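Q: For reference, the structure I am asking about is given below.
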C-alpha cells in the first residue's frame, strides 16, 4: 500500500487533521456497479463537486485507469481541471453551460447537456467546421429543475434538426424520488420519458445513449437502467436509505458490495481534567456530571464537521467510541475520553470512517444532523488535506 499527498500537503503541516481516500476502494465500488448493471450498460461515473469531496482529479484518474468510458461533472469549471490533468475519458456536462463557454467546450471535447433552443443554436455555431459534435438532450419529466418541457420538445427537435454541426447522442432525465420504492411520481416520470423518446423517434432522432438512473435507481430500479447510468455517491461507498409506505426499508444493496472510500482523522491536541458541574464550550451547553477527562480536537465546523453533531456525535479513539461534548466550534471540538485507558496527546482520532471493529460513517452523521450523506461528504472543507491511498 502506498500513499501520496495533495499539493496542499507540501507545506509544513501545523494542524493534524486530514482525510484518507482509498483509491482501491473507489475502484472496487466502480467495478461493483459495473457488475451490477451488466455489460450492456455504460457507467458514467459522476465526479461532480470535487468527487463528492474526495478529490475529482485523483478519483477521475483512478476510475479512468479502471476502464471508465464516461465521467459526469456539473459544469465546464469542473471539467477543465480534469482535462488539464491529462484525463481523456468522455466528460458529460450534466447541467449544461453558460453562454460564452461554447468554444471551450468544443475545444476540450466535452459533451454538453442541452434543453433549450438558444443553447443548441449557440453550440452549433461554436462547432462550425465539425460535422458531428455530440450533445445529450435532457427532458424534464417531473423534477421541475432542468430539461425541456414535454410541450417544448417539438420546437427543440426542430432546432436540433437544423443544427448541421451537432449530433444527438443521448437523451436523459432525472428522477425526483428514486429511493422511494412506491413513489407514484417515478412511474409517471418514466411514462413521460417514454413519450419523449417516441416523439424524438417520430422527429427522426434515435440517440444511442439513454439514461435516467442515479445511485438509488441503479441499486433498486432495474426498469430505468436503459443503456447508461449515472452513479455518484455509490462510487464513494454510500446511498440514500430506501423507503416504502413512508418507512425506511431493509437495505437494497445485497447485490452491490459498497465500501466507504474516505476516512477523516485528526489527533488529540490537548487533554483537560475537568471537575463535576463544569460547563464546556460556547454557551456552556454541556455540563460534566462527574470528574472527566476531555480531549481537545483540532477540528471544527470550518473543516466541515457539522455543528448539529454537538453533544450528539461520536468519534473513535484507541478502539473506543468517545462522545462529542459541548458545541462544535469553528476550529475545535471536545470529546469525553474519561473511560478510554491510556489516552494521550497525539492519539489518532477517527471522525468519519472505521478503526478495527468500530465505525462512524457519513450516514450516521447525516441522521444526527438531519441531512444526507451527500452533504456530509461534500462539506469536508479544502483546509482538510486529502491523502490518497493506492
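The values are calculated or read from the model by the stated rules, or taken from the named source; none is laboratory data. Since the structure is predicted, the reported quantities are computational estimates derived from the model, not experimental observations. Cβ sites come from the backbone with ideal geometry, for glycine too, and all protein chains shown count toward neighbours.
Q: Name the single residue that is farthest from residue 222 (Cα to Cα) among those in region 32-65 being touching a strand residue (DSSP E or B) at 6+ places or on another chain (Cβ under 9 Å) and in a loop (DSSP other than H, G, I, E, B).
A: If we take residues in region 32-65 being touching a strand residue (DSSP E or B) at 6+ places or on another chain (Cβ under 9 Å) and in a loop (DSSP other than H, G, I, E, B), then 55 is farthest from residue 222 (Cα to Cα).
Q: Among the numbered criteria (1) out of contact with any helix residue (DSSP H, G or I) (no Cβ under 8 Å at 6 or more places or on another chain); (2) within 17 Å of residue 267 (Cα to Cα), which single criterion is violated by residue 386?
A: With (1) out of contact with any helix residue (DSSP H, G or I) (no Cβ under 8 Å at 6 or more places or on another chain); (2) within 17 Å of residue 267 (Cα to Cα) applied to residue 386, the lone miss is (1).
Q: Tell me, yes or no, whether region 189-203 has at least one residue that is in contact (Cβ under 8 Å) with a residue 60 or more places away in the chain and buried (at least 16 other Cβ atoms within 10 Å of the Cβ).
A: Among the residues of region 189-203, at least one is in contact (Cβ under 8 Å) with a residue 60 or more places away in the chain and buried (at least 16 other Cβ atoms within 10 Å of the Cβ), which makes the answer yes.
Q: Still on this structure, I have one more. Can you work out which of the residues in region 231-266 that are in contact with a strand residue (DSSP E or B) (Cβ under 6 Å, 6 or more places away or on another chain) and part of a strand (DSSP E or B) is farthest from residue 322 (Cα to Cα)?
A: Only one residue fits best here, namely 243.
Q: Within region 308-356, which residues are in contact (Cβ under 8 Å) with a residue 60 or more places away in the chain and either over 29 Å from the mean Cα position of the chain (by Cα) or over 20 Å from residue 237 (Cβ atoms) (or both)?
A: Once the filter is applied, which keeps residues that are in contact (Cβ under 8 Å) with a residue 60 or more places away in the chain and either over 29 Å from the mean Cα position of the chain (by Cα) or over 20 Å from residue 237 (Cβ atoms) (or both), region 308-356 yields 308, 332, 337, 343, 344, 345, 346, 347, 348, 349.
Q: Could I ask something else about it? Step by step: first the residues of region 1-31, then only those that are in a strand (DSSP E or B) and surrounded by 13 or more Cβ atoms within 10 Å (Cβ to Cβ), then the one that is modelled with the lowest pLDDT. Which residue is that?
A: For region 1-31, the residue satisfying everything is 5.
Q: Looking only at region 358-380, count every residue that is closer than 18 Å to residue 22 by Cβ and either free of Cβ contacts under 8 Å to residues at least 60 places away in the same chain or out of contact with any helix residue (DSSP H, G or I) (no Cβ under 6 Å at 6 or more places or on another chain) (or both) and tell me the total.
A: Looking only at that region, the number is 4.
Q: If residue 344 meets every condition in (1) outside any helix (DSSP H, G or I); (2) closer than 25 Å to residue 283 by Cβ apart from one, which number is that one?
A: Failing condition for residue 344: (2).
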